[in-house]
Amino acid sequence: MMKSFHVFGQDLKSAFKKPKVFIPILVVLFIPVLYSGLFLNAFWDPYGKMNELPVAVVNTDQGAVYNDKSLEVGQNLVDELKKVTISTGNS
């Protein structure tokens, strides 16, 4: 066991002496740091910019007549969504 640590130490010494070997080792060690930084940046605050998310509503509801009353549920939904959008200041 101690011999394997000794060999590992000798390999590290020789890698520090030769930049052609040491630079690729640094690059390979840097890849997980780069990946984790990008991953954390993407998922750190997923709801932070919801007000910038473009949303479209397509209303194909043609309405119906029920108990002699005209029901336009789709249009009512669109109207309510517009009220919420206007009251929050988003356009």
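Brief remarks follow.
- The lone exception for K82 - which of (1) surrounded by 11 or more Cβ atoms within 10 Å (Cβ to Cβ); (2) in contact with a Leu (Cβ under 9 Å, 6 or more places away or on another chain) it fails: (2)
- Applying a threshold of 6 Å to beta carbon distances and a minimum spacing of six or more residues, or different chains, the list of pairs starting in the stretch 49-66 at a residue that is in contact (Cβ under 8 Å) with a residue 24 or more places away in the chain and ending at one that is part of a loop (DSSP other than H, G, I, E, B) reads N51/N90.
- So S70, is it open to solvent by less than 100 Å² (accessible area, probe 1.4 Å), assigned to a strand (DSSP E or B) and not β-branched (V, I, T): yes
- Scoring F43 on the criteria (1) open to solvent by less than 100 Å² (accessible area, probe 1.4 Å); (2) aromatic (F, W, Y); (3) under 30 Å from T85 (Cα atoms) leaves a single failure, condition (1).
- Complete set of residues in the stretch 7-59 that are over 30 Å from L77 (Cα atoms) and not in a helix (DSSP H, G or I): K18, W44
- Which numbered condition A64 fails, given (1) surrounded by 11 or more Cβ atoms within 10 Å (Cβ to Cβ); (2) of a type in the set (A, V, I, L, M); (3) touching a strand residue (DSSP E or B) at 6+ places or on another chain (Cβ under 8 Å): (1)
The values are calculated or read from the model by the stated rules, or taken from the named source; none is laboratory data. This one's a predicted model, so the numbers in the text were calculated from it and none came from an experiment. With ideal geometry, Cβ positions are generated from the backbone for all residues, glycine too; neighbour counts draw on all protein chains shown. Surface accessibility is based on the protein's heavy atoms, side chains included, excluding ligands, DNA and RNA. Shrake-Rupley method; radii C 1.70, N 1.55, O 1.52, S 1.80 Å.
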